[in-house]
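Note sheet for the following structure.
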């Protein structure tokens with residue numbers, strides 16, 4: 001079948017890349033570590049270093065080749081691995097820290113940006129290995145640069161494991177304390193999930209699911225600036241037309257992801273997994289999800305109407321993406337990480353965007369409370385309560401939700417936190433600290449699965 005090459009389409013794509021921040025946000029290689037199992041922590045660390053470096057040795061060169069040949073920027077090259085709690089179930093906490101350092105060393109050898117999978121799946125209960133790795137997470141994140149950690153504490157099928165939620169509140173707190181001299185950067189690499197997907201290429205939540213092949217390549221696409229630019233051309237159309245414009249734009253963005261994924265798969269000799277069509281913003285001007293919502297007609301993100309506008313955006317993105325690729329997966333939708341989105345940062349600074357509004361927005365977008373700086377004095381039980389609220393939204397709505405909050409040690413609400421680069425900066429948001437959820441969190445146990453879990 002011959003393909004007509006349309007000059008207009010080529011020029012449009014060039015403009016999207018040059019002017020509207022269109023990029024492939026990440027090519028992520030998933031690698032199984034199930035064949036590296038050992039109860040000897042030193043041997044386990046050596047085996048995972050060897051497996052990761054051997055499997056992904058051509059990842060960065062191949063991505064650079066594709067960038068050069070097609071003129072498409074690939075911002076991050078990443079690796080995700082089998083949850084370390086599964087592969088290293090027999091290890092003690094210090095053994096898991098050793099494994100984290102091996103992963104970090106592998107990432108440095110490969111020249112990749114992040115490596116994910118240092119975590120556990122504990123939605124229904126915790127093994128000894130799960131508890132050991134959760135205990136190890138703060139030190140592991142403090143002593144490594146590129147390792148990312150995720151823990152799934154809830155699902156629609158299993159309910160919410162409140163024992164794990166309680167534990168993760170103190171784990172986030174401890175991670176902040178151990179990296180207090182670096183603006184609590186440890187917490188920026190730690191996310192707590194409900195209904196975690198096993199093929200997500202985005203950090204900090206990427207891991208290689210046990211149902212995946214030995215090695216696979218996923219692509220994460222991003223283009224908030226492209227969507228905003230498309231809407232700018234139609235300032236007065238109705239919302240049905242807005243949805244149609246977003247849908248068509250998302251189709252074009254996903255096509256590019258499909259092309260890169262297919263090429264990377266062919267050249268690396270590993271199966272192509274999914275395209276994750278997520279509007280993942282950056283702090284750069286013109287690359288903001290909040291600004292898309294404002295382009296729809298909101299004076300600022302965070303005011304009444306924000307949740308409805310975000311619901312429209314998220315749905316249209318998914319519909320456009322599904323048409324463009326038979327392998328859409330991961331999170332796919334709009335991300336709302338506060339410190340990574342120029343519009344969100346401004347809305348939070350002005351006081352229009354509050355934590356409560358962000359929580360409502362997570363019910364209709366692709367992830368959750370993401371990259372939110374909170375006061376350094378926030379106790380562990382309040383962090384656990386934030387996680388529990390978010391997990392409940394995910395569980396009841398059969399969707400993925402997550403929490404990535406950063407207790408800014410020594411700082412109060414209204415002050416600023418600055419990571420620089422992709423992780424950005426932003427104001428420390430107000431959290432309810434005058435009344436405590438401690439008794440509720442201390443009850444622990446399990447919040448039962450909702451009725452919709454009985455789908456069989």
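The values are calculated or read from the model by the stated rules, or taken from the named source; none is laboratory data. This is a predicted model, so every value here is computed, not measured. Cβ sites come from the backbone with ideal geometry, for glycine too, and all protein chains shown count toward neighbours.
I'd like to verify a number: residues in the range 169-188 that are free of Cβ contacts under 8 Å to residues at least 60 places away in the same chain and touching a helix residue (DSSP H, G or I) at 6+ places or on another chain (Cβ under 8 Å), how many? Of the residues in that region, 6 qualify.
Here is the figure for the range 427-456: residues that are in a loop (DSSP other than H, G, I, E, B), under 16 Å from residue 163 (Cβ atoms) and free of Cβ contacts under 8 Å to residues at least 60 places away in the same chain total 1. Residues in the range 76-102 that are surrounded by fewer than 19 Cβ atoms within 10 Å (Cβ to Cβ) and under 14 Å from residue 28 (Cα atoms): there are none.
Residues checked against (1) over 30 Å from residue 410 (Cα atoms); (2) touching a helix residue (DSSP H, G or I) at 6+ places or on another chain (Cβ under 8 Å):
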site: 333; (1), (2): yes, yes
site: 340; (1), (2): no, yes
site: 377; (1), (2): no, no
site: 382; (1), (2): no, yes
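May I ask you to verify whether residue 54 is farther than 19 Å from residue 95 by Cα and touching a residue at least 12 places away in the same chain (Cβ under 8 Å)? In short, no. When residue 308 is tested against the conditions (1) within 30 Å of residue 174 (Cα to Cα); (2) modelled with pLDDT of 95 or more; (3) out of contact with any strand residue (DSSP E or B) (no Cβ under 7 Å at 6 or more places or on another chain), the lone failure is (1).
Would you be able to say whether some residue in the range 401-421 is outside the structural domain of residue 158 (by TED's automatic domain parsing), assigned to a helix (DSSP H, G or I) and either in contact with a strand residue (DSSP E or B) (Cβ under 9 Å, 6 or more places away or on another chain) or surrounded by fewer than 22 Cβ atoms within 10 Å (Cβ to Cβ) (or both)? Looking for residues that are outside the structural domain of residue 158 (by TED's automatic domain parsing), assigned to a helix (DSSP H, G or I) and either in contact with a strand residue (DSSP E or B) (Cβ under 9 Å, 6 or more places away or on another chain) or surrounded by fewer than 22 Cβ atoms within 10 Å (Cβ to Cβ) (or both), one finds at least one in the range 401-421, hence yes. Here 120, 136, 142, 102 are screened, and the one residue that is within 22 Å of the chain's Cα centre (by Cα) and closer than 18 Å to residue 206 by Cα is 120. The condition of being modelled with pLDDT under 95, buried (at least 18 other Cβ atoms within 10 Å of the Cβ) and over 22 Å from residue 176 (Cα atoms) does not hold for residue 373. Among the residues that make up the range 52-61, is at least one of them modelled with pLDDT under 90, surrounded by 12 or more Cβ atoms within 10 Å (Cβ to Cβ) and in a helix (DSSP H, G or I)? Looking through the range 52-61, none of the residues is modelled with pLDDT under 90, surrounded by 12 or more Cβ atoms within 10 Å (Cβ to Cβ) and in a helix (DSSP H, G or I). For the residues 152, 132, 161, the requirement of being farther than 22 Å from residue 199 by Cα and surrounded by 24 or more Cβ atoms within 10 Å (Cβ to Cβ) singles out 161. For the range 190-225, what are the residues that are buried (at least 23 other Cβ atoms within 10 Å of the Cβ), farther than 30 Å from residue 269 by Cβ and touching a strand residue (DSSP E or B) at 6+ places or on another chain (Cβ under 9 Å)? 190, 191, 192, 193, 194, 224, listed by residue number.
Of 39, 35, 46, which residue is out of contact with any helix residue (DSSP H, G or I) (no Cβ under 8 Å at 6 or more places or on another chain), outside any strand (DSSP E or B), assigned by TED's automatic domain parsing to the domain that holds residue 150 and farther than 25 Å from residue 278 by Cβ?
On the way: 35 fails: out of contact with any helix residue (DSSP H, G or I) (no Cβ under 8 Å at 6 or more places or on another chain); 46 fails: out of contact with any helix residue (DSSP H, G or I) (no Cβ under 8 Å at 6 or more places or on another chain).
Checking each option against the conditions leaves just 39.
Among the residues that make up the range 75-84, is at least one of them under 21 Å from the mean Cα position of the chain (by Cα) and in a helix (DSSP H, G or I)? Yes - at least one qualifying residue is present in the range 75-84. Which residue, of 259, 239, is surrounded by fewer than 19 Cβ atoms within 10 Å (Cβ to Cβ) and within 25 Å of residue 66 (Cβ to Cβ)? After applying the criteria, what remains is 259.
When 119, 186 are screened for being modelled with pLDDT under 95, buried (at least 24 other Cβ atoms within 10 Å of the Cβ) and farther than 20 Å from residue 28 by Cβ, only 186 passes. Scanning the range 342-358 for residues that are touching a helix residue (DSSP H, G or I) at 6+ places or on another chain (Cβ under 7 Å) and closer than 10 Å to residue 303 by Cα yields 347, 353, 357. Of all residues in the range 178-222, those being assigned to a loop (DSSP other than H, G, I, E, B) and either closer than 17 Å to residue 119 by Cβ or in the same structural domain as residue 401 (by TED's automatic domain parsing) (or both) number 19. One residue stands out among those in the range 373-387 that are more than 19 Å from the chain's Cα centre (by Cα) and outside any helix (DSSP H, G or I): the one that is nearest to residue 186 (Cα to Cα), which is 376.
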